Amino acid sequence: MKLTRAFLDGMVETAEIVDTMKSDIRPCKGCYSCWFKTSGKCCQKDDVAAILEKLQTADLVIWSTPLYCYSVPSNCKALMDRTISLSGPTMYVDDEGKTHHPGTEDGVKKVILISGCGFPDRKGNFDALIFQFQRMFGSDIPMILCMEAPLLSFKGTECVTKPYLEAVRSAGMEYRQTGRISADTQTVLDALMLPPDEYRKGING
(Lines give C-alpha, C1' and ligand atoms only; values in the text may rest on other atoms or scores of the structure.)
Protein backbone atom coordinates (compact mmCIF):
# COMPACT_ATOMS: atom_id res chain seq x y z
CA MET A 1 0.00 0.00 0.00
CA LYS A 2 2.97 2.36 0.47
CA LEU A 3 3.73 1.87 -3.21
CA THR A 4 0.12 2.42 -4.23
CA ARG A 5 -0.24 5.53 -2.08
CA ALA A 6 2.93 6.96 -3.62
CA PHE A 7 1.57 6.26 -7.10
CA LEU A 8 -1.73 7.99 -6.24
CA ASP A 9 0.20 10.93 -4.77
CA GLY A 10 1.94 11.30 -8.11
CA MET A 11 -1.38 11.16 -9.92
CA VAL A 12 -2.83 13.69 -7.44
CA GLU A 13 -5.78 11.35 -7.05
CA THR A 14 -7.59 9.47 -4.35
CA ALA A 15 -9.01 5.98 -4.71
CA GLU A 16 -11.67 3.82 -3.14
CA ILE A 17 -9.91 0.87 -1.52
CA VAL A 18 -11.55 -2.54 -1.71
CA ASP A 19 -9.85 -4.64 0.96
CA THR A 20 -10.30 -8.23 -0.15
CA MET A 21 -9.10 -9.42 3.26
CA LYS A 22 -12.11 -7.78 4.87
CA SER A 23 -14.64 -8.54 2.12
CA ASP A 24 -16.93 -11.54 1.86
CA ILE A 25 -15.51 -13.17 -1.27
CA ARG A 26 -16.40 -16.81 -1.70
CA PRO A 27 -14.55 -19.10 -4.11
CA CYS A 28 -16.01 -19.60 -7.57
CA LYS A 29 -18.08 -22.80 -7.67
CA GLY A 30 -17.48 -23.36 -11.37
CA CYS A 31 -21.23 -23.89 -11.81
CA TYR A 32 -21.47 -21.47 -14.79
CA SER A 33 -24.87 -20.22 -13.64
CA CYS A 34 -23.63 -16.73 -14.54
CA TRP A 35 -23.20 -17.85 -18.14
CA PHE A 36 -26.25 -20.01 -18.70
CA LYS A 37 -28.90 -19.16 -16.10
CA THR A 38 -28.61 -15.72 -14.54
CA SER A 39 -27.36 -13.44 -17.34
CA GLY A 40 -23.98 -12.57 -15.89
CA LYS A 41 -25.02 -12.58 -12.24
CA CYS A 42 -23.34 -14.98 -9.83
CA CYS A 43 -25.67 -17.19 -7.82
CA GLN A 44 -23.66 -16.56 -4.64
CA LYS A 45 -24.81 -13.78 -2.33
CA ASP A 46 -21.67 -12.09 -1.06
CA ASP A 47 -19.73 -8.85 -1.70
CA VAL A 48 -18.50 -9.77 -5.17
CA ALA A 49 -21.39 -8.35 -7.23
CA ALA A 50 -20.81 -4.89 -5.76
CA ILE A 51 -17.04 -5.18 -6.21
CA LEU A 52 -17.39 -6.21 -9.86
CA GLU A 53 -19.63 -3.23 -10.48
CA LYS A 54 -16.93 -0.99 -9.07
CA LEU A 55 -14.33 -2.63 -11.33
CA GLN A 56 -16.47 -2.03 -14.39
CA THR A 57 -17.31 1.60 -13.64
CA ALA A 58 -13.90 2.73 -12.35
CA ASP A 59 -11.72 5.01 -14.46
CA LEU A 60 -8.71 2.99 -13.32
CA VAL A 61 -8.31 -0.26 -11.39
CA ILE A 62 -5.09 -0.71 -9.41
CA TRP A 63 -4.51 -4.27 -8.28
CA SER A 64 -2.33 -3.61 -5.23
CA THR A 65 -1.12 -6.91 -3.86
CA PRO A 66 1.78 -8.55 -2.07
CA LEU A 67 3.31 -11.57 -3.73
CA TYR A 68 2.13 -14.77 -2.02
CA CYS A 69 3.73 -18.01 -3.24
CA TYR A 70 4.45 -16.43 -6.65
CA SER A 71 0.88 -15.16 -7.15
CA VAL A 72 -1.77 -13.08 -5.38
CA PRO A 73 -3.19 -13.95 -1.93
CA SER A 74 -5.99 -16.52 -2.02
CA ASN A 75 -8.78 -14.03 -1.28
CA CYS A 76 -7.61 -11.83 -4.16
CA LYS A 77 -7.38 -14.85 -6.44
CA ALA A 78 -10.95 -15.77 -5.50
CA LEU A 79 -12.07 -12.33 -6.71
CA MET A 80 -10.15 -12.76 -9.94
CA ASP A 81 -11.81 -16.14 -10.46
CA ARG A 82 -15.22 -14.57 -9.92
CA THR A 83 -14.65 -12.12 -12.79
CA ILE A 84 -15.74 -15.04 -14.98
CA SER A 85 -19.25 -13.63 -14.67
CA LEU A 86 -18.12 -10.64 -16.74
CA SER A 87 -17.39 -12.91 -19.68
CA GLY A 88 -19.36 -15.60 -21.53
CA PRO A 89 -18.97 -19.08 -22.98
CA THR A 90 -18.17 -18.00 -26.54
CA MET A 91 -14.54 -17.80 -27.63
CA TYR A 92 -12.49 -15.64 -29.96
CA VAL A 93 -8.86 -15.49 -31.07
CA ASP A 94 -6.91 -12.25 -30.58
CA ASP A 95 -4.26 -10.72 -32.82
CA GLU A 96 -1.57 -12.85 -31.14
CA GLY A 97 -3.46 -16.06 -31.76
CA LYS A 98 -4.57 -16.49 -28.14
CA THR A 99 -8.04 -17.75 -27.31
CA HIS A 100 -10.24 -15.69 -24.96
CA HIS A 101 -13.75 -15.48 -23.62
CA PRO A 102 -15.09 -12.02 -24.48
CA GLY A 103 -15.98 -9.69 -21.65
CA THR A 104 -13.36 -9.35 -18.95
CA GLU A 105 -10.86 -7.33 -20.92
CA ASP A 106 -13.68 -5.12 -22.23
CA GLY A 107 -15.41 -4.69 -18.88
CA VAL A 108 -12.30 -3.46 -17.04
CA LYS A 109 -10.71 -0.86 -19.31
CA LYS A 110 -7.65 0.43 -17.46
CA VAL A 111 -5.63 -1.75 -15.11
CA ILE A 112 -2.33 -1.32 -13.28
CA LEU A 113 -0.55 -3.96 -11.22
CA ILE A 114 1.44 -2.87 -8.16
CA SER A 115 3.09 -5.66 -6.19
CA GLY A 116 5.83 -6.16 -3.66
CA CYS A 117 8.07 -9.21 -3.21
CA GLY A 118 10.22 -10.18 -0.23
CA PHE A 119 13.00 -11.65 -2.38
CA PRO A 120 15.65 -9.68 -4.31
CA ASP A 121 15.02 -11.68 -7.49
CA ARG A 122 12.47 -10.66 -10.13
CA LYS A 123 12.94 -13.68 -12.37
CA GLY A 124 11.48 -16.82 -10.83
CA ASN A 125 9.26 -14.87 -8.43
CA PHE A 126 7.05 -12.51 -10.44
CA ASP A 127 6.81 -14.75 -13.54
CA ALA A 128 3.43 -16.31 -12.75
CA LEU A 129 1.93 -13.01 -11.61
CA ILE A 130 3.08 -11.23 -14.77
CA PHE A 131 1.69 -14.01 -16.95
CA GLN A 132 -1.67 -14.00 -15.20
CA PHE A 133 -2.21 -10.24 -15.42
CA GLN A 134 -1.03 -9.96 -19.01
CA ARG A 135 -3.28 -12.87 -19.97
CA MET A 136 -6.28 -11.37 -18.19
CA PHE A 137 -5.83 -7.68 -18.95
CA GLY A 138 -3.46 -7.38 -21.91
CA SER A 139 0.27 -7.63 -22.49
CA ASP A 140 0.85 -3.87 -22.20
CA ILE A 141 -0.61 -3.14 -18.77
CA PRO A 142 1.68 -0.99 -16.60
CA MET A 143 3.35 -2.82 -13.71
CA ILE A 144 5.29 -1.71 -10.66
CA LEU A 145 6.94 -4.84 -9.28
CA CYS A 146 9.06 -4.01 -6.26
CA MET A 147 11.72 -6.46 -5.13
CA GLU A 148 13.01 -6.20 -1.55
CA ALA A 149 9.68 -4.66 -0.54
CA PRO A 150 10.18 -5.33 3.22
CA LEU A 151 12.69 -2.47 3.16
CA LEU A 152 9.72 -0.12 2.85
CA SER A 153 8.64 -1.10 6.38
CA PHE A 154 12.03 -1.11 8.09
CA LYS A 155 13.42 1.82 10.05
CA GLY A 156 16.71 3.28 8.90
CA THR A 157 16.27 2.32 5.23
CA GLU A 158 15.03 5.70 3.99
CA CYS A 159 18.27 6.32 2.08
CA VAL A 160 17.28 3.57 -0.38
CA THR A 161 13.48 3.53 -0.07
CA LYS A 162 12.93 7.28 -0.48
CA PRO A 163 14.39 7.42 -4.02
CA TYR A 164 12.35 4.36 -4.97
CA LEU A 165 9.11 5.86 -3.67
CA GLU A 166 9.93 9.09 -5.52
CA ALA A 167 10.18 7.04 -8.71
CA VAL A 168 6.77 5.54 -7.94
CA ARG A 169 5.37 9.06 -7.54
CA SER A 170 6.94 10.01 -10.86
CA ALA A 171 5.26 6.98 -12.41
CA GLY A 172 1.91 8.21 -11.11
CA MET A 173 2.50 11.68 -12.51
CA GLU A 174 3.53 10.28 -15.88
CA TYR A 175 0.55 7.95 -15.99
CA ARG A 176 -1.82 10.82 -15.30
CA GLN A 177 -0.28 12.84 -18.12
CA THR A 178 0.29 10.16 -20.77
CA GLY A 179 -1.41 6.94 -19.68
CA ARG A 180 2.02 5.28 -19.56
CA ILE A 181 5.12 5.02 -17.38
CA SER A 182 8.26 6.32 -19.10
CA ALA A 183 11.10 3.93 -19.91
CA ASP A 184 13.50 5.86 -17.65
CA THR A 185 11.17 5.67 -14.67
CA GLN A 186 10.40 2.01 -15.36
CA THR A 187 14.12 1.25 -15.28
CA VAL A 188 14.32 2.66 -11.74
CA LEU A 189 11.18 0.76 -10.68
CA ASP A 190 12.62 -2.51 -12.00
CA ALA A 191 15.92 -2.04 -10.16
CA LEU A 192 16.90 -3.32 -6.72
CA MET A 193 17.18 -0.93 -3.80
CA LEU A 194 20.12 -2.88 -2.32
CA PRO A 195 22.58 -5.39 -3.80
CA PRO A 196 21.13 -8.92 -3.31
CA ASP A 197 23.88 -10.14 -0.96
CA GLU A 198 23.63 -7.06 1.23
CA TYR A 199 19.84 -7.34 1.35
CA ARG A 200 19.86 -11.04 2.23
CA LYS A 201 22.48 -10.45 4.90
CA GLY A 202 20.37 -7.73 6.46
CA ILE A 203 17.22 -9.87 6.40
CA ASN A 204 19.01 -12.88 7.85
CA GLY A 205 20.45 -10.79 10.64
Assess whether C159 counts as being open to solvent by 70 Å² or more (accessible area, probe 1.4 Å) and not aliphatic (A, V, I, L, M). yes
Restricting attention to the range 89-102, does a residue exist that is open to solvent by less than 30 Å² (accessible area, probe 1.4 Å), out of contact with any strand residue (DSSP E or B) (no Cβ under 7 Å at 6 or more places or on another chain) and modelled with pLDDT under 95? no
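Would you be able to tell me the number of residues in the range 40-56 that are polar (S, T, N, Q) and within 24 Å of I130 (Cα to Cα)?
Of the residues in the range 40-56, the ones polar (S, T, N, Q) are 44, 56.
Within this subset, residues satisfying the condition of being within 24 Å of I130 (Cα to Cα) are 56.
Residues meeting the conditions: 1.
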Please verify whether the range 115-125 includes one or more residues that are surrounded by 15 or more Cβ atoms within 10 Å (Cβ to Cβ), in contact with a Ser or Thr (Cβ under 8 Å, 6 or more places away or on another chain) and not β-branched (V, I, T). yes
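From the list C76, C69, exactly one residue is surrounded by 14 or more Cβ atoms within 10 Å (Cβ to Cβ), closer than 17 Å to F133 by Cβ and under 17 Å from the mean Cα position of the chain (by Cα). Which is it? Before you say what the answer is, go through the steps one by one.
On the way: C69 fails: surrounded by 14 or more Cβ atoms within 10 Å (Cβ to Cβ).
Result of the check over C76, C69: C76.
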Identify the single condition in (1) touching a residue at least 24 places away in the same chain (Cβ under 8 Å); (2) touching a helix residue (DSSP H, G or I) at 6+ places or on another chain (Cβ under 9 Å); (3) in a loop (DSSP other than H, G, I, E, B); (4) not hydrophobic (A, V, I, L, M, F, W, C) that D59 does not satisfy, given that it satisfies every other one. (2)
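In the range 103-116, what count of residues is obtained for those that are within 11 Å of the chain's Cα centre (by Cα) and at pLDDT below 95?
Adding up the residues that qualify gives 1.
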Tell me which of these F119 doesn't satisfy, since it passes every other one: (1) within 20 Å of R5 (Cβ to Cβ); (2) out of contact with any Asp or Glu (no Cβ under 6 Å at 6 or more places or on another chain); (3) at pLDDT 95 or above. (1)
A50, sole failed condition from (1) under 27 Å from M143 (Cβ atoms); (2) touching a Lys or Arg at 6+ places or on another chain (Cβ under 9 Å); (3) in a helix (DSSP H, G or I): (2)
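Working only within the range 125-150, note down all residues that are among the small types (G, A, S), modelled with pLDDT of 95 or more and either within 17 Å of R5 (Cα to Cα) or part of a loop (DSSP other than H, G, I, E, B) (or both).
Filtering the range 125-150 for residues among the small types (G, A, S) gives 128, 138-139, 149.
Still in the running and modelled with pLDDT of 95 or more: 128, 149.
Across the range 125-150, the qualifying residue is only A149.
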Which is open to solvent by 50 Å² or more (accessible area, probe 1.4 Å), over 30 Å from T178 (Cβ atoms) and at pLDDT 95 or above, of R26, R5? R26
Suppose the filter is at positive phi, more than 19 Å from the chain's Cα centre (by Cα) and open to solvent by 60 Å² or more (accessible area, probe 1.4 Å); does Y32 pass it? yes
Take Q186 and decide whether it is of a type in the set (S, T, N, Q), free of Cβ contacts under 8 Å to residues at least 60 places away in the same chain and exposed (fewer than 15 other Cβ atoms within 10 Å of the Cβ). no
From the list L145, L151, which residue is surrounded by 19 or more Cβ atoms within 10 Å (Cβ to Cβ) and over 16 Å from the mean Cα position of the chain (by Cα)? L151
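Counting only residues that are of a type outside the set (S, T, Y) and more than 18 Å from the chain's Cα centre (by Cα), how many does the range 175-198 have? Write out each step before concluding.
Within the range 175-198, the first condition is being of a type outside the set (S, T, Y), and the residues that meet it are 176-177, 179-181, 183-184, 186, 188-198.
Narrowing the set further to residues that are more than 18 Å from the chain's Cα centre (by Cα) leaves 177, 183-184, 188, 191-198.
Residues in the range 175-198 being of a type outside the set (S, T, Y) and more than 18 Å from the chain's Cα centre (by Cα): 12 in total.
The values are calculated or read from the model by the stated rules, or taken from the named source; none is laboratory data. Since we're looking at a predicted model, the values are computed, not measured. With ideal geometry, Cβ positions are generated from the backbone for all residues, glycine too; neighbour counts draw on all protein chains shown. When the accessible area is computed, the model is the full protein with side chains, heavy atoms only, and any ligands, DNA or RNA have been set aside. Shrake-Rupley method; radii C 1.70, N 1.55, O 1.52, S 1.80 Å.
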